Every structure is written in structure tokens, then in C-alpha cells.
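The values are calculated or read from the model by the stated rules, or taken from the named source; none is laboratory data. Source: prediction; values computed, not measured. We place every Cβ from the backbone using ideal geometry, glycine too, and count neighbours over all the protein chains shown. The area values use the complete protein model at the heavy-atom level, side chains included, leaving out ligands, DNA and RNA. Shrake-Rupley method; radii C 1.70, N 1.55, O 1.52, S 1.80 Å.
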Amino acid sequence: MAAYAQLITHTPEQIEKWKEVAPTNPSRVIRALRLAPGRSTKEGDHQGDIYPALEVVKEISIEGRSGTESKAWVNLVDARLAEALCKNVTESVMFLDVLPNMPVELLEKAKKEIQSPYFRPLEILCNAACCFHYPPTKTDKKVIAALRKYWSQMMDRIWNEPENTLEPSNSHILERMVIAQMVIRLVVTDPTFLSTFYDPSDLTVQIIARHWKYSQTAEDVKLTAAMLTMFLQPDHPRHVAYVRSNDLESATSQLLSKMLVGVGPTALASKQKQTKALMASFADHLVRLSGRSASAELDFFACIISVAKKDDTEPEITNAALKSTPLWNAMFRLLKKSAKPTSETFHGQPIDPETEKTHRLYVMANVVGTTTNILHDASFEYPRECEPLIRIWANENLFGALEETIEFLVDITGMTMQLGRLAGVLETVLGQGTPALRQLFRTQFPRWRTLGTLIRHDIKRQRATGPPKPIVQGKIPPPDSNVWDHGAWQCFAALQASCIDLDTACGKRGCENIGTRLCTCEVVRYCSEGCQNKDMKDHQIMCGHMQLLEHVVGRSKNGSSSNSGPPSIEKKGSARKSAPVSSSPRVEAVENLEDLD
């Protein structure tokens, strides 16, 4: 900080002066804030007083956080402080007294780190919004009225003069958060303000989207992503009620178009360039995020895909997601990272370990669920894009990420349903794919740890709840049904069997040799003792259960789908059961559960 002390904005004496003036003479504060360049007030205040006056007003603006309105704040607002602050946002410039001997490189660095001239008045207005009451008080209404009057002018300036808010520096985190935070509070306090954001000429959504794109930390990513999600899928009761009563659901596509403009390389960029920038931003963020912030980002991603699909509003977004290698690389890296505890904090305080784990599990479930849903939908709507998509997934280590997180995934409600769906569609796409695709997938299997963990989970679940009930034609079991636990491993077994022939191939993943050494399970073969020893750490999880795969493997070799009827694990002596084929797995029996530990 010593070097930066040469940047003089105000003195401690000025701060003390305005601490005395602000509570007793609010009109003098307003006169100072409205000063034009080169002018002074009747009290002798000049432009050098604007910044210290704002600093003092900022401190007064947060006094309302206690729940009681500050008398000093009420008096300032009555003196038309809110209008003065809004005018500051549209007109203020930064004044710096720079010493003659200041090094040029230091000055240039300081210019990149200094906050925008309109940030301080915005911050004060944001503090006021965060202290709004519901229903709003008389003072709150005056602030809201001033914001409504000047909002478009303020957004025009911020959009056209971003200053340093786009610089990759932590000194601009708050600048990238302030508009989103203010909008959140405005929407829940006075939902009629939403009409401003839906106006085609308003730039609020574009600005928040741009701030999201350039966010650097968990804090600014999380807040901006949450606000953009809130625009597309309102969840606050007053927000939802206003949207419905004013028939604004159909206008959601307009907000999405504004977001694309905000993240695009230029305001006039093509949709292809906008969507490419959108996916690049998701990838850039997801690589750096974890926990709560990653959850907010994934929610935004799922939301934007959902809205883009609705009535085929923005097909370019879905197309870009299907083709974005960096996006899927970041997704699967995040999945792997979420298997390990993080040092996540909330408001500077460490998060309780159980809460932190809950966040990580949510992220894992979100990644797997989103991945599955995108492939499932693409198989119907973009079938030609499915092979390139799963080629990206294989190259970016989807199966490795699943293997590293499978022990967590099996215990998350609904995850075995998603994993079964994922494996089933993958097998279908693979069966219709090119020889080159099958060769690529050959390098990804076997996955003994994934398969063994799924089977052990099914055994544990059936011992606790009994065998899966027969499937009812046309009725899909609920996500927590053990039918999905039972079907998931069979779908993965069928997918694996379609990728590798264990009757001939070495059971060590990545080995291209013929298997000649039979494992003790009498199913898997290895080409050498070396391969067998290297594979034993993973294969031993599955070794005792290999007999369960025989009919699944046989069915796959005969060209049948894994949905044609996976077996059921039931207690010794139970009868075989079956049910009509449906979109859910059929249930059949397997003997000798007691032997499958």
C-alpha cells in the first residue's frame, strides 16, 4: 500500500469534517454531491469534497441493517439524496492528485485497479436496497422512485463505459456484483420494477450477463449467475406473481437474447459467436469453482439450456453446448474435484463439514443429471450430434470422473436412475455409431470399480428393502425406487459388454492384447501376470460378482438392448419374476444372494 499512497483522493481531516456535517446538515451534503466541475458551494465545498462526503454517506447507508431506519439516512433521503446519487452515477468522473515523480508503470497499474467513478454512489444505493423493508417504508419508496426515474440513464452509462469492471482483478469484484445485488432487492421489494428490465431498450440484463462473464471469484460468479437464473426462472413468490399476472412468461426469450448480447464479444456479434462465448464462460468458471458457487453456476447452465429448448427459442445455445469440448472438460473436472473436501467459506467463515459435503453432493448430482438429460434429449432432437458429443465425453474422461465419484453418487437419491439412463442411451448411440467410435470406447473399459460399486449398492439396498417390484406397463418408478439401483449396474454392464469382449480381450483397461490367463472369477482373462496385478486393485471390487453379468453380456453380444430385461438379485430360493417391457428395466431373479458379499 505504501506505493499507492501517492494516489491522493481525500484526507482523514475531510472525513471528520463530513462526519459532523452529514447528520446535521443533509442539504449541504446534497449540494456537494451535485457540484459541477470547477464549481464550489456557498459553504466553500469543492470537488475534492465529493469523495469523502460519499464515504461518510456510505457508512450511514448501512446503519439500516439493524432493521431500524437511521434518522440521518431518512433526513438525507428527504433532502433528495437518492436523486443526487443517481445523477452521480450518470455524470461523475474520477479526480486523482498524482505526484510529479510517480513512476509511469505504477500509474498505469493503478489506473487498471482503481474503481469506476460511478461505483461509490451505486454502492450506497445498493446498501439502501439491501435495507429495504416489506412493505417498503416512505423512505424506501423515495429511493425506489429515484431509481426508477434514472435507471435507464445509469444503465446506459455503465454499459457504454464499463471502466475497469471487466479487468481480471479482485479489486473489481464488488463492482461486478453491485447491479445484480440491487436488482434482487428491487424485485422482491417492488416487483413492478420488473417492467423496466423487460423493456427492449433497457440494458440491465446485458450488464449483469457481462459482469457474470468477467467474474473472477466465487462471490461475483455466484451472485450474477443467481440473478440471471432468477430472471429466467423466478422463484420468489412476489416475482412469480408479477410475471404471471402480467403474462410475461412468453417474454423470457427476450431476456435470454439480452444475456447473449451481454456475453458476446461485441453487441453486434452473431448468435454463433455469442453462444460460443457463453459456453467458454461456463467452462472458464466451472474449472475454478466448487461448492455453493459451482451449484449456482450449474443451476444457471441447466436453466439456460431449458429456456433455450422451450419452443426452440435459441437453438444455437443447445448446438453450442453439444459441441463445446472446454465445457465438458470443465464439467467432468468439477465432478472429480467434488469428491474431495474443499476449504469453502461463507462470508469469510469456514463452512460446517457436513454442509460443505452437501454442497459437493449437489454438484455431483447436478453434473450427472445435466449430462444425462442433454444426451437423452439430443438422441431425439439432434441424433446426428450424439456421436460427436459422446466422443468428446470419452476424450474428456467422463468415465474416469464417474469412477472416482461412484461411491458418492450411488447414495444420492435418484442418481442410479440417472446413471442407468446415461448408460442406456450411451449404449444405443454406440450401437449406431462408427467403428472409430467403438474403438475409442474400447479404450474406456472395463470399469470394474464403477460396476462393482453399483452391484454392491444394489445388494445392500435389496437386503434392506427387498427385491425390486415388477414394473407396471407405462408407469415409471419414482427416482428413489430400488428398481433403478437394480437396473443401473445392468445398463453399465451391457454398455461395457458392447465395448469390450472379455472372452478374448485382456481385462486390463488400455491393453490391446489377447487374454490368456483366467482370473479366479473364471470370467475375466489377462494377457500377463503384470496386467492382472495392475488391474487387481479395481477388479477385486467386482471379482466375486462376475457371474451376475453372464446373461447381460450374452444379451449385449446378441444385439439386444439393456432395457430388454435385467435380472433381479433376490434371496436364495426365490422365484423368477418378470414384467412387460417398458421404459424402465424389467425385473427378473438371481439366486444365492448370500454368496454375493
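A few comments on the model shown:
- Contacts under 8 angstrom Cβ, first residue in the range 330-355 being more than 13 Å from S290 (Cβ to Cβ) and outside any helix (DSSP H, G or I), partner open to solvent by 90 Å² or more (accessible area, probe 1.4 Å) and at pLDDT 75 or above, 6 or more apart: P350/S343
- Subset of the range 2-37 [at pLDDT below 95 and assigned to a loop (DSSP other than H, G, I, E, B)]: A2, T9, H10, T11, R34, L35, A36, P37
- Taken over the range 188-242, residues that are aromatic (F, W, Y), open to solvent by 10 Å² or more (accessible area, probe 1.4 Å) and under 18 Å from V263 (Cβ atoms) amount to 1.
- Cβ-Cβ under 6 Å pairs, at least 6 apart or on other chains, the range 286-302 side within 13 Å of S343 (Cβ to Cβ) and at pLDDT below 95, far side of a type in the set (S, T, Y) and not in a helix (DSSP H, G or I): S290/T342; G291/T342
- Count of residues meeting criterion [in a helix (DSSP H, G or I) and open to solvent by 40 Å² or more (accessible area, probe 1.4 Å)] in the range 388-414: 6
- Close pairs from the range 35-51: first within 18 Å of T90 (Cα to Cα), partner assigned to a helix (DSSP H, G or I) and among the hydrophobic types (A, V, I, L, M, F, W, C), Cβ under 8 Å, at least 6 apart: L35/I50; I50/A32; I50/L33
- The one condition in (1) crowded, with 16+ Cβ neighbours inside 10 Å; (2) closer than 27 Å to P191 by Cβ; (3) touching a residue at least 24 places away in the same chain (Cβ under 8 Å) that D78 fails to fulfil: (1)
- Screening S498, S481, S528 for residues that are open to solvent by less than 30 Å² (accessible area, probe 1.4 Å), polar (S, T, N, Q) and out of contact with any Phe, Trp or Tyr (no Cβ under 6 Å at 6 or more places or on another chain) leaves exactly one candidate, S481.
- When the range 265-299 is filtered for residues that are assigned to a helix (DSSP H, G or I), in contact with a Leu (Cβ under 9 Å, 6 or more places away or on another chain) and farther than 14 Å from Y362 by Cα, the ones remaining, listed by number, are K271, Q274, T275, A277, L278, M279, A280, F282, A283, L286, V287.
- Checked against the criterion of being over 21 Å from the mean Cα position of the chain (by Cα), over 20 Å from T165 (Cβ atoms) and among the hydrophobic types (A, V, I, L, M, F, W, C), the candidates A283, A267, A251 yield just one match: A251.
- Residue match in the range 417-428 (condition: among the acidic types (D, E), open to solvent by 30 Å² or more (accessible area, probe 1.4 Å) and either at pLDDT 95 or above or under 17 Å from T450 (Cα atoms) (or both)): no
- Of residues in the range 38-55 being among the polar types (S, T, N, Q) and open to solvent by 30 Å² or more (accessible area, probe 1.4 Å), the one modelled with the lowest pLDDT: Q47
- Tallying residues that are part of a helix (DSSP H, G or I), under 40 Å from the mean Cα position of the chain (by Cα) and not aromatic (F, W, Y) within the range 65-75 yields 3.
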